[in-house]
Amino acid sequence: MTALDQQNTQRSRRALLAGSVGNFIEWYEFGVYGFFATIIAANFFSPGATGDLEALIKTYASFALAFFFRPLGAAIFGRLGDRIGRRPLLILVVVLMSVATALIGVLPTYAAVGAAAPWLLTLVRILQGLSAGGEFGGAVSLMTEFAPPGRRGLYGSWQSFTVALGLLGGAGAAAIMAGLTSEADLKSWGWRIPFLLAVPLGGVALWLRLRLEETPSFQRAAAEPVRKPAGGEVARAILIGIARLMGWSAAGYTFLVVMPAYLQTALHATFQQGLLAAVLSNLGFALAIIPAGILSDRIGRRPVMLTGAVLIVVLALPLINVLQDPAGSAATKGVAVFVAGVVVGLLAGPGPAMLAEMFPTTVRYTGLGLAYSLSNAVFSGCAGLIITQLIKSTGDIDIPAYFVIATCLVSAVALLSLRNRGDLPD
């Protein structure tokens, strides 16, 4: 390996690490919020007479609202990132994300400030949503534009892998606090600690991103201006991207984040049992992502992602039924949630590279960021709200399975039009 090759390899690895750490913080916070949903509901949305399920629905409504600000963040930060570079915007968004996450840990509850509490929480979630909207497009652009030839699937899969690590980190922090504190202390102040950990995490992320260089693709585009695609071309690509991603978005949040609250409210599991299910599903998810990304570099994005979408359609209802079976063993239920995580990983591994390959450099940050954030706003951010509200109104505890089946069917059809081996357009 020449000195230049070594230098390029070092830059690629630095970009991979700097891009990954921001994603970790983003999904760590979303994971902690999801895992503490029932406690947050009691602290911020329960004036006393409100029922547990109704307060949980309000909590998920706040959760969903933040997701709907992600597309706005993707548009604002994406356009700036396509004009002035990936590096400065990635520095800005990681600071905003870390501050917003830490603020949740110091907000006053309903008992302290009354009806102002849910509004304050919602405002902070909006700030988090805006900054998170600028994270994905920039991080995936960074990773794939620095990736060596033939390894974009692997490099892009690290974005999804750090999503899994972030969710596992959130579950781990929640589980540790649940183990170290009494139930009363956890509901009173223990839940705040995982949110405050965003301060040191954000410091590490900021240090890594300050050491970044601008991507080679952006430097080439800035030096040799090329034709920007028409707005209609970009809009069409975004819509196709949303269709290809919606199954991943819906199944990912249903199986990886919403599941603990579903088990507690619909199946009457304990808080610890719900967290254990989240850890197992996210472990399966994490273990499948990078192999799926590597496989997509070898055989193409389409067969790997299509396999994941079809498997979810086939397995969703049986897996949910296993969890509902009161006679089922803990081991069987553990395997069920683990398998659910694995099949979502087949979508998540190749997904970032697939999206990056749909947009040229001049609109990549904006285009893939909008496709991802719009898909997540509807099918991830609303997953808890939709599932909980439908269970409340229908009494049907199979709703989570129906939700992911419907979305994965659409994604499977959209993935059929995907070119098996994509290029990263200039």
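Kindly check whether there is at least one residue in the stretch 131-140 that is surrounded by fewer than 24 Cβ atoms within 10 Å (Cβ to Cβ) and either modelled with pLDDT of 90 or more or over 29 Å from Gly284 (Cβ atoms) (or both). Within the stretch 131-140 (the criterion being surrounded by fewer than 24 Cβ atoms within 10 Å (Cβ to Cβ) and either modelled with pLDDT of 90 or more or over 29 Å from Gly284 (Cβ atoms) (or both)), the answer is no, since none of the residues qualifies. For a quick check of your reading: which helices (runs of 4 or more DSSP H) sit entirely within the stretch 308-426 and have at least 2 residues that are touching a helix residue (DSSP H, G or I) at 6+ places or on another chain (Cβ under 9 Å), free of Cβ contacts under 8 Å to residues at least 12 places away in the same chain and within 22 Å of Thr270 (Cα to Cα)? The qualifying helices (runs of 4 or more DSSP H) are 330-348. Listed here are the helices (runs of 4 or more DSSP H) enclosed by the stretch 204-298 that have at least 1 residues being open to solvent by 40 Å² or more (accessible area, probe 1.4 Å) and without any contact (Cβ under 8 Å) to a residue 40 or more places away in the chain: 216-223, 231-253. Being farther than 24 Å from Gly133 by Cβ, open to solvent by 50 Å² or more (accessible area, probe 1.4 Å) and either among the charged types (D, E, K, R) or modelled with pLDDT under 85 (or both) is a property that Ile391 lacks.
When the stretch 164-198 is filtered for residues that are open to solvent by less than 10 Å² (accessible area, probe 1.4 Å) and under 16 Å from the mean Cα position of the chain (by Cα), the ones remaining, listed by number, are Ala164, Gly166, Leu167, Gly170, Ala171. For the stretch 75-84, check the following and say yes or no: at least one residue is open to solvent by 20 Å² or more (accessible area, probe 1.4 Å), among the small types (Gly, Ala, Ser) and under 21 Å from Ser217 (Cα atoms). Among the residues of the stretch 75-84, at least one is open to solvent by 20 Å² or more (accessible area, probe 1.4 Å), among the small types (Gly, Ala, Ser) and under 21 Å from Ser217 (Cα atoms), which makes the answer yes.
Selection of the stretch 364-381 for residues being open to solvent by 20 Å² or more (accessible area, probe 1.4 Å) and either modelled with pLDDT under 90 or in contact with an Asp or Glu (Cβ under 6 Å, 6 or more places away or on another chain) (or both) yields Thr366, Val378, Phe379. In summary, Leu347 fulfils each of the numbered conditions (1) farther than 30 Å from Gly153 by Cβ; (2) modelled with pLDDT of 95 or more with the single exception of condition (1).
The values are calculated or read from the model by the stated rules, or taken from the named source; none is laboratory data. Every value quoted in this text rests on a predicted model; they were computed, and no experiment measured them. We place every Cβ from the backbone using ideal geometry, glycine too, and count neighbours over all the protein chains shown. Areas reflect the complete protein model, heavy atoms only, side chains present, ligands, DNA and RNA absent. Shrake-Rupley method; radii C 1.70, N 1.55, O 1.52, S 1.80 Å.
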